[in-house]
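Quick notes on the structure that follows.
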Ligand SMILES: NC(=O)c1ccc[n+]([C@@H]2O[C@H](COP(=O)([O-])OP(=O)(O)OC[C@H]3O[C@@H](n4cnc5c(N)ncnc54)[C@H](O)[C@@H]3O)[C@@H](O)[C@H]2O)c1
Ligand SMILES: [Zn+2]
């Protein structure tokens with residue numbers, strides 16, 4: 001995977017956007033109703049409006065969008081191709097912006113249905129992604145994730161063409177995140193990093209970015225959640241999230257994400273919250289296959305006891321993850337999400353069918369194993 005985005009980072013790093021927008025006639029800017037009301041975002045949109053020929057504002061992306069949400073957004077746009085697609089928001093907004101970068105590129109043979117059927121597009125519009133959560137790392141991945149209500153799950157549309165041309169990591173846009181969203185999206189970033197680090201497809205490139213990302217994440221997540229205005233912690237979390245996305249691009253997630261898809265697809269549990277209840281239980285399950293790697297991750301923790309043996313470190317890491325989710329006040333049981341034990345057979349069947357991710361689990365995993373993991377957190 002070749003990531004060739006230009007990254008602009010730091011507080012107010014987009015105060016001069018002239019060079020980005022100079023030759024852009026028609027811009028489509030994708031965001032959502034909450035984000036459009038953030039003063040810093042409103043300022044950015046005004047600046048973009050002044051810099052381009054015309055601006056089409058799409059500000060109705062719902063959280064965890066479905067294929068029908070994207071189809072409705074497309075019906076609201078005219079067929080004229082865009083010169084630049086800009087996404088300002090969390091993963092939901094960025095994924096829709098990434099899809100529009102394919103669907104507004106002027107190739108009318110490429111449709112949402114053809115992308116869902118696996119067609120590989122050849123054209124894209126220039127894109128700029130600006131995350132407001134930290135996060136999904138969608139700004140670094142070739143993936144766009146859509147809920148498919150009819151199948152009560154989510155699917156990923158994947159093409160390297162969706163890796164954006166420009167990424168801006170602006171910490172001031174993330175300070176308005178409610179603590180619960182900062183916590184759950186931060187845990188999503190951690191899941192990306194630790195799943196990619198332990199994945200079957202892990203390789204030296206993904207290992208490097210995963211370790212770098214986890215070192216930033218462990219040092220900054222709780223500070224960012226507890227001190228919303230701490231710009232350095234916010235910026236470091238944006239980088240941790242970006243590294244999580246880059247690790248996905250090079251390796252891919254596995255068990256937590258496979259098991260969280262049906263929680264999002266059927267019960268509409270926010271992605272980071274669904275991952276939070278699964279993080280420690282899934283890591284406990286794969287620990288025997290990941291002792292050495294878990295020991296390396298443990299060494300990054302604040303106050304790590306570097307004298308412990310690898311096996312003890314691997315156990316201590318799982319306990320740390322368990323405690324971290326509790327300290328962040330995120331749900332830890334399916335019952336907290338109002339999911340009844342009767343639904344566990346369905347959940348297990350749905351999760352095992354996400355073979356794209358199950359293949360990346362670093363040890364054999366059966367439907368019965370997945371059932372047991374859900375059952376332990378009922
Ligand atoms: N493409 C990928 O590689 C990838 C990776 C992981 C997750 N995802 C997808 O991303 C989506 C989840 O994205 P998310 O976790 O970033 O959440 P989100 O984009 O759904 O946002 C969650 C809520 O937070 C609000 N919000 C976002 N930023 C805010 C801010 N700065 N201040 C105040 N409110 C803010 C939003 O308006 C929304 O109501 C899911 O659909 C998930 O499947 C994609
Ligand atoms: Zn995720």
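Please specify each residue of region 159-176 satisfying the condition of being part of a loop (DSSP other than H, G, I, E, B) and either crowded, with 24+ Cβ neighbours inside 10 Å or more than 8 Å from ligand 1 (Cβ to nearest atom) (or both). Don't jump to the end; show me each part of the working.
We begin by selecting, within region 159-176, every residue part of a loop (DSSP other than H, G, I, E, B); these are 159, 163-165, 170, 174-176.
Correct list: 159, 163, 164, 165, 170, 174.
Within region 259-281, track down each residue that is within 13 Å of ligand 2 (Cβ to nearest atom) and more than 25 Å from residue 129 (Cβ to Cβ). The answer is 259, 263, 278, 279. One residue alone among 59, 83, 95 is touching a residue at least 40 places away in the same chain (Cβ under 8 Å) and within 16 Å of ligand 1 (Cβ to nearest atom), and that residue is 95.
Identify all residues within region 252-264 that are within 14 Å of ligand 1 (Cβ to nearest atom) and surrounded by 24 or more Cβ atoms within 10 Å (Cβ to Cβ); write none if there are none. Break it down into steps so the answer makes sense when it comes.
Here is the first cut: in region 252-264, the ones within 14 Å of ligand 1 (Cβ to nearest atom) are 252-254, 256-264.
Listed by number, the residues that qualify are 252, 253, 254, 256, 257, 258, 259, 260, 261, 262, 263.
Restricted to region 292-314, and to residues that are part of a helix (DSSP H, G or I) and surrounded by 18 or more Cβ atoms within 10 Å (Cβ to Cβ), which residue is nearest to ligand 2 (Cβ to nearest atom)? Going through the qualifying residues, I end up with 297.
Which of the residues that make up region 184-207 are assigned to a helix (DSSP H, G or I) and either away from ligand 2 (no atom under 14 Å from the Cβ) or at positive phi (or both)? Steps first, answer last, please.
Residues of region 184-207 assigned to a helix (DSSP H, G or I): 184-198, 204-207.
Once the filter is applied, which keeps residues that are assigned to a helix (DSSP H, G or I) and either away from ligand 2 (no atom under 14 Å from the Cβ) or at positive phi (or both), region 184-207 yields 197, 198, 204, 205, 206, 207.
Scanning region 19-63 for residues that are out of contact with any strand residue (DSSP E or B) (no Cβ under 9 Å at 6 or more places or on another chain) and within 14 Å of residue 82 (Cβ to Cβ) gives a single hit, 23. Only a single item in (1) surrounded by fewer than 17 Cβ atoms within 10 Å (Cβ to Cβ); (2) over 21 Å from residue 345 (Cα atoms) is not met by residue 249, and it is number (1).
Just so you know, all these numbers are worked out from the coordinates, no wet-lab data involved. Keep in mind it's a predicted model, so treat the numbers as computed, not measured. Here the Cβ is made from the backbone with ideal geometry for all residues, glycine too, and neighbour counts use every protein chain on show.
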